[in-house]
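The values are calculated or read from the model by the stated rules, or taken from the named source; none is laboratory data. Being a predicted model, the structure only gives us computed values, none of them experimental. Methodologically, a virtual Cβ is constructed for each residue, glycine included, from the backbone with ideal geometry; neighbour enumeration extends over all protein chains shown. Quick note on the areas: whole protein, heavy atoms, side chains included, nothing else; ligands and nucleic acids left out. Shrake-Rupley method; radii C 1.70, N 1.55, O 1.52, S 1.80 Å.
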Amino acid sequence: MQTFVPWIQFGIGLVLSPLLAGIVNRTKAFFAGRRGQPLLQVYYDIAKGLAKGAVFSRTATWIFRAGPLIGAAAAVTALALAPFGGRPAAVSFPGDPILFLGLFGLMRGLTVLAALDTGSSFEGMGASREVFFSALTEPVMMLGFLALARESGALSLSGILNAASLERPETALVAVALFIAFLCENSRIPFDDPNTHLELTMIHEVMVLDHGGPDFALIQAGSAVKFWCLGSLIVNLFLPLRPDWPWTANTAAGLAAMAVLAVSVGVVESVTARLRLNRVPQLLAAAAALSALALIFSLG
Amino acid sequence: MKEAIELGLMALVLSDMALLGIGLLSTCIRIVAFQGVLLGLFSVAVNWGFLTPRVWILAAVSGLLKGVVYPLLLRRAVSDAGVQREIEPYVGPIPSVLAGIALFGASVWIGGRLPLTGAAEAGSRLIVSASLMTLLTGLFLVAARKKALTQTLGYIVFENGIFAFGVASVGEIPALVELGILLDAFVAVFVMGIAMYHINREFDHLDADRLNALKG
Amino acid sequence: MIPVLAAFAVLLASGVTPRLFRPDSGFGRRVGPAGVVIAAALTLIPACRVLAGRTPIREAWPWPMPFGSFAFHLDPLAAFFLVPIVVLSALSAWYGPDYFGGHDPGRAGRSWLPFNALVGGMIGVCLADNALFFLLAWETMALSSFFLVAFDHREEGVRRAAFIYLVAAHVGTAFLLPMFLSFANAAGTADFAAFSGSLSGPAASAAFVLAVIGFGAKAGFVPLHVWLPDAHPAAPSHVSALMSGVMLKTGLYGLIRTLTFLGVPNAWWGWTLIAVGAVSALIGVLFAMAQRDLKRLLAYSSVENVGIICLSLGVATVGRAAGLRPVAFLGFAAALVHTVNHAAFKGTLFLAAGSAVRAAATREMDRLGGLSRRMPFTAAVFLAGSLAASGLPPFSGFFGEFLLLSGLWRGVTEADPSTAVSMAGAASVLALVFGLSLIVYVKAFGVSFLGSPRSDAGSDAVESPASMTVPMAALAAFCVLGGLAWAALFRAVIPAAAGVFGPVPLAETADTSEWLWKIAAVSGLLVLAAGCVALLRLRRGRPAVRSSVTWGCGYGPATARMQYTGSSFVQPATELFGFVLGTRKNVRPPAGYFPAGRRFETETPDMSREKLYRPLLAAVSRLFSRIRAIQEGRLQVYVAYMVLTLLTLLLWMLR
């Protein structure tokens, strides 16, 4: 049984990840005084998209279709590396944080290429911003992981995250830095507004303008899984869970914490304004500074 | 008490980083005020076991001055001068933050090598590093910013660093030295305030670097 | 050693033959590359045997030169560098004749003499066991590649690039000579076998510094890289592939070889290498990002990758000096693995870029676009190379990155605080470099090959012939199957590392290769997931699919010229790093009611050339112009100078 637990959690992540987007949307609706979409709206969207036909640009080639497919596959693979609820991930070995970050790089690279494949200047603009911001988040995440690794002495994601405890103040710094990186990677306010309707101001959404039907459904599913993966890392930092507790309890706690995370993303989106584009590097530099301080504190 | 001190130190370093990264003057003044209050609490926390009335008074005076009086003066200077934020500093916000990380790294390195006994008694080796960091941040702000007002802030931060260093190295604040420095900073704030007011009236701007146009 | 000697003979014979017969005949054009392929096969036999665990081969023949001998030593380290060198040489040679197709066939045929000499020189550098022999091979390599860079010597820019290259190569050698002399002086012989441990203390440090500068000029460490961004675009593409893919690596090989002579290193040597590597990687990737010329971009990316390898060597050296054996092993393994990966993906990219440039007749990315419709095969190959070069899993480039970062990671967790914090700094610089290299390659591929053609240049391109696409495909296959390849090939790294550090404990290497297998397994999972997703996507048979124009957000008459260009794609990043890049802008904005004559141009000249060499050379020429005072212009005076000099020297010698 114990060997299957990570895979069960993997399945839970796969199935429940679109729910988080629903929770975020409901939270935002609550703040705005609306009733909002159904919680399961993203599921409906994905199901409907998968059943539809598609319109392809005459400019685009096979890369346009490969982008969402490989992107979703990379996100699902990364899910197998992400520990959940204080337990080791399905696949865990020393150095796996590098692979974890690399898989998201792959997802991003293919999405961006698919955007450039359409030859649209709007999509080119979104692609340009997307790769730029994520190039800046990589050092933030790397330094954050390194600070945690220095504390715990472990080399795998499961090891460093499950050993981390909020009793040490540097963990809190890393958690904040990772949360900023998480918002940026998932194209959330203050970096990007998922609800904007002006193409010039979009980042992630404008890259996928030309994708429709099943391709767009895959992109939505992939983004949901990515949200889950990165979110589960942050949640693990906060939860004082131990691997030897019953897995059902751990999983339940993890799920509750994920819901809290989704609500807090919704709160952040409701109460903050989006940053000017040229301020984004400053916020990311601040996040990198937090990670670096955490590392220096953990040495001191 | 050790955890509280560590948390306070972390907050001190973070406030230094924030000063380096933020250009909005009113926010900077608020951060400096926060530092002042923090240091007041700090001198109480470090001497927790043997609190004398003198410690209380000194802590209260310095907290009050730095946390309330200076910020009020500075805020009035801001509104008088009509300057809202630091524009075009010599060193931009991102390089400043990166420099801050480097400064902190250097402070930790130096802090590990200074033979200070007071620090060990107080419970955290980080005290020396954090106070050095504050001191260096102050100097950095004086050197890298254009507006006379930010430079004043830099002097206060510098003074905060010395205060924290004093707490770290001696444990109990050497009252005479500390009061002397406080007075210096007090006068500095006044002089700066008056000077800024006049610079602003004469030249319509507050850039200290343009003072060199005055030389013969 | 016999196959290697035979390989030299074949290279020489096949290089000279076109000159004896008609270089423009079919035979004359193909005998040179055929010779390279045969020589490569001959060299591979002993190299692979040594890598598979046979005893190293050491043989020497006399050379009537003082201190000189034709001493060969094929140990695992040499073999590890030799294999990519000969494989890439053979593939580039195979690609060559048809790439030249359009050029003057006679000159193309004659160009195989320097090409074969370059291949022979590189083989010689790897195998030499004597300082004089090494320098002979080194100079052969430098001179032959100079002739290859100068292939299109009728263009002024090419002549200048070739000249800069020649000067840089010789400045490098000028630093190597005193280094080898100091070794030979201490050891009493010029044979490498006697070099190890012959120097110690400050002399060893001096030798290390000379080696870093001398070999760094060849490898392209910043700021010695200044010849690289000019020479690579100037040379024919298969030559650029060879120079960038493997010739730069001979510099790194020389550096590693020198480190083996120096024994247990000082920690500061490692920190020097880490700093040089980090600066090279960051500067290389930033300048690569700002380029508009496809081949220049690839050249700067070579600076980046050489920097990464240098950083890995630094990690290995620091680890060794500090006694952190796993860190040292991982760093060194990363250097070797990335050497091979870079040879493969940069070879792929230069060959594919050559194919595209030949078809479109321009290297300006902002004039290209949409090539993947006209040249689907070249595009697929370039994509494979790009993904590997951006270090994305499961492509081959990821594995060097993985080993290096896990080495740094172990350093951060295990070392003392100041080492740990520096290693964390190196790791975060690397993370930034990998993030930026994704921008570089997305730009290179996306702008040149995707979208629609931005000018007439690429709109009538045709796919290259099979003789060019097959070698590209072979290299691209290695880039794509990197996951399985490295898990299986990792055994070959261990003896090479053992040659440098002494025996490596089995437990560490077993761990590392287990991780690599796990990555391969995760890659399998990725392919599986992609398969499942594809099935999900195709579940409903083929739903209605229409094709139409790209959605222009409601604006109909969008043209190909409105696409995002490469320069605009990287603009946010070049703006942020403007203080490093120093990009010059030439802007005339539209003005008035009927704006006319507006223009926008950017240019990013090399920083070290602008800020370092230009002032330096200007100062030097100012200094030497003072000496002009003694330039009389009369023969009698010059003779008088000579007599005076001779007299002074004689008096000084006999005093």
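Before moving on, here are some points about what is shown:
- Counted as qualifying within the stretch C:543-649 are the strands (runs of 3 or more DSSP E) with 3 or more residues that are over 30 Å from A:GLY212 (Cα atoms), namely C:584-588, C:599-603.
- Of all residues in the stretch A:208-263, those that are buried (at least 21 other Cβ atoms within 10 Å of the Cβ), touching a Lys or Arg at 6+ places or on another chain (Cβ under 6 Å) and within 14 Å of chain C (Cβ to nearest Cβ) total 1.
- Check on A:VAL131, in contact with a helix residue (DSSP H, G or I) (Cβ under 7 Å, 6 or more places away or on another chain), at the interface with chain C (Cβ under 8 Å from one of its Cβ atoms) and open to solvent by 10 Å² or more (accessible area, probe 1.4 Å): no
- For beta carbons closer than 8 Å, sequence separation of 6+ or different chains, a first residue in the stretch C:68-85 that is closer than 16 Å to C:ALA333 by Cα and a second that is surrounded by fewer than 22 Cβ atoms within 10 Å (Cβ to Cβ) and of a type in the set (S, T, N, Q), the qualifying pairs are C:LEU77/C:THR260.
- For the stretch A:39-55, a residue qualifies if it is touching a helix residue (DSSP H, G or I) at 6+ places or on another chain (Cβ under 7 Å) and not hydroxyl-bearing (Ser, Thr, Tyr), and the qualifying residues are A:LEU39, A:LEU40, A:GLN41, A:VAL42, A:ASP45, A:ILE46, A:GLY49, A:LEU50, A:LYS52, A:GLY53, A:ALA54.
- Residues being within 24 Å of C:VAL447 (Cα to Cα), among the hydrophobic types (A, V, I, L, M, F, W, C) and either in contact (Cβ under 8 Å) with a residue 12 or more places away in the chain or surrounded by fewer than 24 Cβ atoms within 10 Å (Cβ to Cβ) (or both) - total across the stretch A:134-153: 1
- Filtering the stretch C:114-123 to residues that are within 12 Å of C:THR250 (Cα to Cα) and touching a residue at least 60 places away in the same chain (Cβ under 8 Å) leaves C:LEU118, C:VAL119, C:MET122, C:ILE123.
- Checking C:VAL440 against (1) open to solvent by 10 Å² or more (accessible area, probe 1.4 Å); (2) among the β-branched types (Val, Ile, Thr); (3) within 13 Å of another protein chain (Cβ to nearest Cβ), the condition it does not meet: (1)
This table checks each residue for (1) open to solvent by 10 Å² or more (accessible area, probe 1.4 Å); (2) over 20 Å from C:ALA219 (Cβ atoms); (3) part of a helix (DSSP H, G or I); (4) of a type in the set (S, T, N, Q).
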| residue | (1), (2), (3), (4) |
| --- | --- |
| C:SER301 | no, no, yes, yes |
| C:ASN305 | no, no, yes, yes |
| C:ARG320 | yes, yes, yes, no |
| C:GLY323 | yes, yes, no, no |
| C:VAL327 | no, yes, yes, no |
| C:ALA334 | no, no, yes, no |
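- Among the residues of the stretch C:201-225, those that are touching a helix residue (DSSP H, G or I) at 6+ places or on another chain (Cβ under 9 Å) and modelled with pLDDT under 90 comprise C:VAL222, C:PRO223.
- For A:ALA147, the requirement of being in contact with a Leu (Cβ under 6 Å, 6 or more places away or on another chain), over 12 Å from A:PHE238 (Cα atoms), more than 7 Å from chain C (Cβ to nearest Cβ) and in a helix (DSSP H, G or I) is met.
- Of the residues screened, C:ASP460 is one that is surrounded by fewer than 24 Cβ atoms within 10 Å (Cβ to Cβ) and more than 11 Å from chain A (Cβ to nearest Cβ).
- Conditions (1) open to solvent by less than 10 Å² (accessible area, probe 1.4 Å); (2) within 8 Å of chain C (Cβ to nearest Cβ); (3) not hydroxyl-bearing (Ser, Thr, Tyr); number of the one not met by A:MET125: (1)
- Number of residues in the stretch C:609-641 that are loosely packed, with under 10 Cβ neighbours inside 10 Å, more than 30 Å from C:PRO229 (Cβ to Cβ) and among the hydrophobic types (A, V, I, L, M, F, W, C): the value is 4.
- Between A:SER57, A:SER17, the distinction of being more than 10 Å from chain C (Cβ to nearest Cβ) and either in contact (Cβ under 8 Å) with a residue 40 or more places away in the chain or over 30 Å from A:SER121 (Cβ atoms) (or both) belongs to A:SER17 only.
- Single residue of the stretch A:275-286 satisfying the filter (within 10 Å of chain B (Cβ to nearest Cβ) and in contact (Cβ under 8 Å) with a residue 60 or more places away in the chain) that is surrounded by the fewest Cβ atoms within 10 Å (Cβ to Cβ): A:LEU283
- Count of the stretch C:402-426 residues which are at the interface with chain A (Cβ under 7 Å from one of its Cβ atoms), touching a residue at least 40 places away in the same chain (Cβ under 8 Å) and closer than 13 Å to C:ALA334 by Cα: 2
- Evaluation of B:GLY161 against (1) closer than 19 Å to B:PRO89 by Cβ; (2) modelled with pLDDT of 80 or more (one fails), failing number: (1)
- Elements of type helices (runs of 4 or more DSSP H) contained in the stretch C:7-121, each with 2 or more residues being more than 24 Å from C:ALA142 (Cα to Cα), among the aliphatic types (A, V, I, L, M) and not assigned by TED's automatic domain parsing to the domain that holds C:PHE490: C:26-51
- Members of the stretch A:156-181 found to be out of contact with any Gly (no Cβ under 6 Å at 6 or more places or on another chain) and either facing chain C (nearest Cβ under 10 Å) or within 26 Å of C:LYS518 (Cα to Cα) (or both), listed by number: A:SER156, A:LEU157, A:SER158, A:GLY159, A:ILE160, A:LEU161, A:ALA163, A:ALA164
- Search result, residues across the stretch A:109-121 that are open to solvent by 10 Å² or more (accessible area, probe 1.4 Å), part of a helix (DSSP H, G or I), within 7 Å of another protein chain (Cβ to nearest Cβ) and of a type outside the set (A, V, I, L, M, F, W, C): A:SER121
- Test set (1) open to solvent by less than 20 Å² (accessible area, probe 1.4 Å); (2) without any contact (Cβ under 8 Å) to a residue 24 or more places away in the chain - C:PHE195 fails condition number: (2)
- Filter pass, C:VAL429 being open to solvent by 10 Å² or more (accessible area, probe 1.4 Å) and at the interface with chain A (Cβ under 8 Å from one of its Cβ atoms): yes
- Checked against the criterion of being open to solvent by 10 Å² or more (accessible area, probe 1.4 Å), closer than 14 Å to C:VAL442 by Cα and touching a Ser or Thr at 6+ places or on another chain (Cβ under 9 Å), the candidates C:ALA359, C:ALA380 yield just one match: C:ALA380.
- Residue list for the stretch C:131-143, restricted to those being buried (at least 24 other Cβ atoms within 10 Å of the Cβ) and under 25 Å from C:ALA41 (Cα atoms): C:PHE133, C:TRP138, C:MET141
- Within the set C:ALA544, C:ALA573, C:ALA498, C:ALA534, the sole residue that is at pLDDT 85 or above and either open to solvent by less than 40 Å² (accessible area, probe 1.4 Å) or within 13 Å of chain A (Cβ to nearest Cβ) (or both) turns out to be C:ALA573.
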